[in-house]
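The structure under discussion appears below in the form of structure tokens.
The values are calculated or read from the model by the stated rules, or taken from the named source; none is laboratory data. Note that the structure is predicted; figures quoted are calculated from it, not measured. In this analysis, Cβ positions are derived from the backbone assuming ideal geometry, glycine residues included, and neighbour counts consider all displayed protein chains. To get the accessible areas, we keep the full protein, side chains included, count just its heavy atoms, and leave off ligands, DNA and RNA. Shrake-Rupley method; radii C 1.70, N 1.55, O 1.52, S 1.80 Å.
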Amino acid sequence: MAKDNKIAIYPGSFDPLTNGHIDIIKRASMLFDKLIIAVASNSTKNSLFTIDNRVQIINESLSDNDSIRVDSFEGLLSDYARKNNIFTIIRGLRTLSDFEYEFQMAIMNRSLNSSIETIFLMTDEKYSHISSSFIKEIYKLNGDVSRFVPSPVIYQLNKIKNEKNNK
């Protein structure tokens, strides 16, 4: 099977999608003809949004970019990449501790599929303090997260809050 080096995957749980994710996505989409945002089903994390919600939020947040496709997957990223004939993974780095974890994951993915290369993009420093975990915690404590996430996330968070208030 021939390699298609013009397509890359940016995997993650995106729960929720942050402005830091958007930054990495926009920059990565300029490097490749097509970027697939692969929303992972991660059973080890306590998810705020369903996979369908996350896919919808990403699509709404990036509707102006035709080179981006959003998909979801379960199982190993290396298997997803192999099935879709993709050999490049994009990962964002915020801190040195991110690098340690991402480095180990890149080596493991390459061990599972020797054709895979991982490209690391450093986040813009204005987003280096933002993480999905922080967003969830701030939201659960009734803090304002609007400057850290795109508007479709705010819409979905307000929807969750309204549903809880109406119970």
Provide the FRET efficiency to the nearest 0.05 for the SER131-TYR155 pair, computing r from the beta carbons and using R0 = 25 Å.
0.75
Name all residues of the range 102-130 having a backbone nitrogen under 20 Å from the label point set 7 Å from the Cα of THR95 along its Cα→Cβ direction, giving them as ranges.
102-106, 120-130
Would you pull out the residues with amide H under 5 Å of SER13's amide H, same chain only if 5 or more places away, H placed 1.01 Å from N?
ALA40
Taking amide H positions as placed in the peptide plane 1.01 Å from N, state which residues far from THR118 in sequence (5 or more) or on other chains have amide H under 5 Å from it.
ILE89
For ARG147 and LYS83 in one chain, what is 0.36 nm times their gap in residues minus the Cα-Cα distance, to one decimal in nm?
19.3 nm
Positive-end residue, the chain charge dipole about Cα centroid, Cβ charges, pick of LEU121, VAL39, ILE154
ILE154
Which value in nm describes the separation of the simple spin-label points at SER47 and LYS167, placed 7 Å from the Cα toward the beta carbon?
1.8
Karplus-derived 3J(HN,Hα), 6.51/-1.76/1.60, for each residue of the range 16-24, Hz, glycine and proline x
x, 5, 10, 5, x, 4, 4, 4, 5
Spelling it out for SER72: with amide H atoms placed in the peptide plane at 1.01 Å from N, the residues 5 or more places away or on another chain with amide H under 5 Å from its amide H are VAL39
At 7 Å along the Cα-to-beta-carbon direction for both ILE119 and MET30, put a label point, then send me their distance in nm to one decimal.
1.2
Suppose all protein chains stay in the model; what accessible area per residue would a 1.4 Å probe give for the chain, in Å²?
57
With a 1.4 Å probe and all protein chains left in place, how much of the accessible area of the chain comes from carbon and sulfur atoms, in whole percent?
50
For the chain, shape from the Cα gyration tensor axes a ≥ b ≥ c, cut at a/c of 1.5 then a/b versus b/c, turns out prolate
